[in-house]
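Some notes on the structure that comes next.
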Amino acid sequence: MAGEQPGKRVTINAAFLQEIKEDHQHLKELLEQLRTLTEVPQVLSNHGQQFVKLLGSLCDQLAFHFTLEEAYGYFEEALDSKPHLESQAGLLKGQHAELFVLARDLADAAAQLDFSSDSKAEKIARRFRVFDQALRDHESAELNLILAALEDDLGVGD
């Protein structure tokens, strides 16, 4: 149509997409292992060192994951012309530091814990589940934001 300004185009780099895919897969695998260990306090009591090691790996992976999202801004271009989504994107980006601190504090607490006590194991397992749910909510909100931006770009169909 005459007079319309062309929208911004999101360019996709295949190598970057592969890196994101690998990052998400590794993060998913770490979280699944941690979820399995925290389902039953007795299991966690017997695998405390593995839990501590996995939490350390989770902190490293989250740092990488959030850095990828922030450094490459993989959805920022799509949001440039959508001010109604920018504030939500800013809030989600701000959660990265909060989530990382929660993970780091959880890893630090687990490293100091005596896992021979089922009650202490259950307490740290609960902390992990709270963190895990916060991360799930965050990732879901990011996905919804990306889908909303794409929906605006593509329209909702005929």
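The values are calculated or read from the model by the stated rules, or taken from the named source; none is laboratory data. Predicted model only: the values in this text are computed from it and were never measured. Cβ atoms come from the backbone with ideal geometry, glycine included; neighbour counts cover every protein chain shown. Surface accessibility is based on the protein's heavy atoms, side chains included, excluding ligands, DNA and RNA. Shrake-Rupley method; radii C 1.70, N 1.55, O 1.52, S 1.80 Å.
Taking the conditions exactly as written (of a type in the set (D, E, K, R) and over 19 Å from the mean Cα position of the chain (by Cα)), does D137 satisfy them or not? No: the conditions fail for D137.
Considering region 50-69, and only residues there that are without any contact (Cβ under 8 Å) to a residue 40 or more places away in the chain and not aliphatic (A, V, I, L, M), the residue that is most open to solvent (accessible area, probe 1.4 Å) turns out to be K53. Scanning region 1-41 for residues that are at pLDDT 80 or above, of a type in the set (A, V, I, L, M) and open to solvent by 30 Å² or more (accessible area, probe 1.4 Å) gives a single hit, V40.
The number of residues in region 87-114 that are exposed (fewer than 13 other Cβ atoms within 10 Å of the Cβ) and under 22 Å from S140 (Cβ atoms) comes to 7. Can you say whether L44 is part of a helix (DSSP H, G or I), of a type outside the set (S, T, N, Q), touching a residue at least 40 places away in the same chain (Cβ under 8 Å) and surrounded by 13 or more Cβ atoms within 10 Å (Cβ to Cβ), as far as the supplied structure shows? Yes, satisfied. A single member of S87, S140, S119 is in a helix (DSSP H, G or I), within 19 Å of V40 (Cα to Cα) and hydroxyl-bearing (S, T, Y), and it is S119.
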